[in-house]
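Working notes, structure below.
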Amino acid sequence: MRRGGFQRLHGRQGGGGSGFKGMVVKLSIAAIVLLICTVSLFYSSSTSGGGGGTENLHSNHRTEIRLGELWSNADSAGWRPSSAPRTHWPPPPSQTNGYLRVRCNGGLNQQRSAISNAVLAARIMNATLVLPELDANSFWHDDSGFHGIYDVEHFIKTLKHDVKIVESIPENQKNGKKKKIKAFQLRPPRDAPISWYTTDALNKMKEHGAIYLTPFSHRLAEEIDNAEYQRLRCRVNYHALRFKPHIMKLSQTIVDKLRSQGPFMSIHLRFEMDMLAFAGCFDIFTPEEQKILKKYREQNFAPKRLIYDERRAIGKCPLTPEEVGLILHALGFDNSTRIYLAAGELFGGDRFMKPFRSLFSRLENHTSVEHSEDLVQNTRGLAGSAVDYMVCLLSDIFMPTYDGPSNFANNLLGHRLYYGFRTTIRPDRKALAPIFIDREKGRVAGFEDAIRKVMLKTNFGEPHKRVSPESFYTNSWPECFCKTSAENPADKCPPNDVLNVMNNEIEKEATDEANSRIS
């Protein structure tokens, strides 16, 4: 395996002399049994480390963190990303049941998940998807829309095997007059099951010709017992959703400049007003700052009784910049580490950044790396978040400080896993909280050892089982991965010509349709 420091089992032989024949026989039998057990355990350890099957993937335990190895991709255990269909997947028929409009609310990554869900919903209902609308939300004040962020032509072309996509609902020709189809507005239940789309939503679509689902965030259940549907989500999220060329070019320029001085780490420092207000983590701020946070919370979130000490103790508060620095220092990173910060305006002023900067002075963001007018013009609102997303995706190591559902880090973690098991450092805030609380109370003995023990139990980007509340968009293993030589047929990689087969099916359907018109 690529990662070092996994537990190894070693046999230990012992001997003893005796003049009694029975004792010798007993000791001999014991030695043989011990040898058999040792060989058996060693073989079991070896096969589980070799990634022979899904059931053996997670049996190893790390006993040390080797810093040098974190700068390369994590051990894939023989898995590679693959979201191509593995069973019969017919192209969308020429006639659909109607048009599906959706409004994707939230920030960039919440919208990415919603777009993936919209494509899947259209497939489930045999609907024509209207290019998703991106909410001009109050936080970003950005109305650039899908056209302003994503490559529309690439999006439609990439998904031609899966759904029909149009940029707008066409007008109907009736009695010599053109009339636009009015979409019937529906509010989907949160995490709605497939059955809601095949009944309630589909019935309204057939009745009105089009439906408009709004809001459309978390409106389709993530855990679906259909691997092909899950793979479609991956095709959307990791293949079809490509940022516009100028965003990709600018992101690559920043990455090239950062990497010109060696590998670099990216950190999503989620120490921002909206997240702190949402989490209810107020007590470390001044009375004036607390007033600002509480007001923001009242205006944007549902009322809830939040006690800071309780929230902190269970890991519900974002890590402070200082805590991030202390974790990295305990892992062995030093002041030579180059770090790219993906974050909005940090709340609380520079006093929270000073301890972090004293440990890691080589801090960058997109404005410090690239000073061109091109950057100023193309990093406003969602576009700025898109640039940060790409830089973090391409960085050698990525560390989120708050990976809650559907936020920036949530989608990035999944994309980096799909992009070749790129190293991530995911702090377990709940396990780390008592260690930091002890430090604040002056109990500092064994502090770094305690940090390392917690981090040894976390995942560094290897394939791992998805366990609730981890999102499918954070971890699409094993549905969107395969093995070239797999014991389980369901894990085997599909043939390389699968796209050609799908293209042939589309061409055949088009030919059949043309022939039927002629006849």
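The values are calculated or read from the model by the stated rules, or taken from the named source; none is laboratory data. Keep in mind it's a predicted model, so treat the numbers as computed, not measured. Because the Cβ atoms are built from the backbone with ideal geometry, glycine has one as well, and the counts that use them run over all protein chains shown. What goes into the accessible areas is simple: the full protein's heavy atoms, side chains included, and nothing from ligands, DNA or RNA. Shrake-Rupley method; radii C 1.70, N 1.55, O 1.52, S 1.80 Å.
Beyond 31 Å between alpha-carbons counts as too far, so tell me which of Lys164/Lys316; Lys244/Lys492; Lys291/Lys441; Lys160/Lys180; Lys249/Lys291; Lys180/Lys249 fall in that bin. In this structure, Lys164/Lys316; Lys244/Lys492; Lys249/Lys291; Lys180/Lys249 lie more than 31 Å apart at Cα.
Kindly report the accessible area of region 218-301 per residue (heavy atoms of protein chains, probe 1.4 Å, no ligands, DNA or RNA), in Å². Walk me through the intermediate numbers first.
Details: 3700 Å² over 84 residues.
Dividing the accessible area of region 218-301 by its residue count gives 44 Å².
Quick check: residue separation of Ala490 and Gln185 times 0.36 nm, minus the Cα distance between them. What number comes out in nm? Walk me through the intermediate numbers first.
Values: separation 305, 0.36 × 305 = 109.80 nm, distance 3.95 nm.
This chain segment gains 105.9 nm when fully extended.
On a per residue basis, region 317-455 carries 37 Å² of accessible surface, using protein heavy atoms and a 1.4 Å probe. Taking 7 Å steps out from each Cα toward its Cβ at Thr367 and His147 produces label points 3.0 nm apart.
Ranked from largest to smallest solvent-accessible area, with a 1.4 Å probe on the protein heavy atoms, Thr128, Thr87, Thr158 come out as Thr87, Thr158, Thr128.
Rolling a 1.4 Å probe over the protein chains gives Leu306 an accessible area of about 40 Å². Site pair Lys206 and Lys178 shows an inter-label distance of 3.0 nm when each label is modelled 7 Å from Cα along Cα→Cβ. From the Cα gyration tensor of region 157-306, with a ≥ b ≥ c the square roots of its eigenvalues, which class applies: rounded if a/c is under 1.5, or else prolate if a/b is larger than b/c, or else oblate? Oblate is the answer for region 157-306, as a/c is 1.5 or above yet b/c matches or exceeds a/b. Placing dummy labels 7 Å off each Cα toward the beta-carbon, the span from Arg439 to Glu167 is 5.3 nm. Within the accessible surface of region 278-392, defined with a 1.4 Å probe on protein heavy atoms only, the carbon and sulfur portion equals 51 percent.
Nonpolar atom fraction for region 67-151, defined as the carbon and sulfur part of the 1.4 Å probe accessible area, stands at 49 percent.
Taking the protein heavy atoms of region 202-263 in the context of the full set of protein chains, the accessible area attributed to carbon and sulfur is 48 percent at 1.4 Å.
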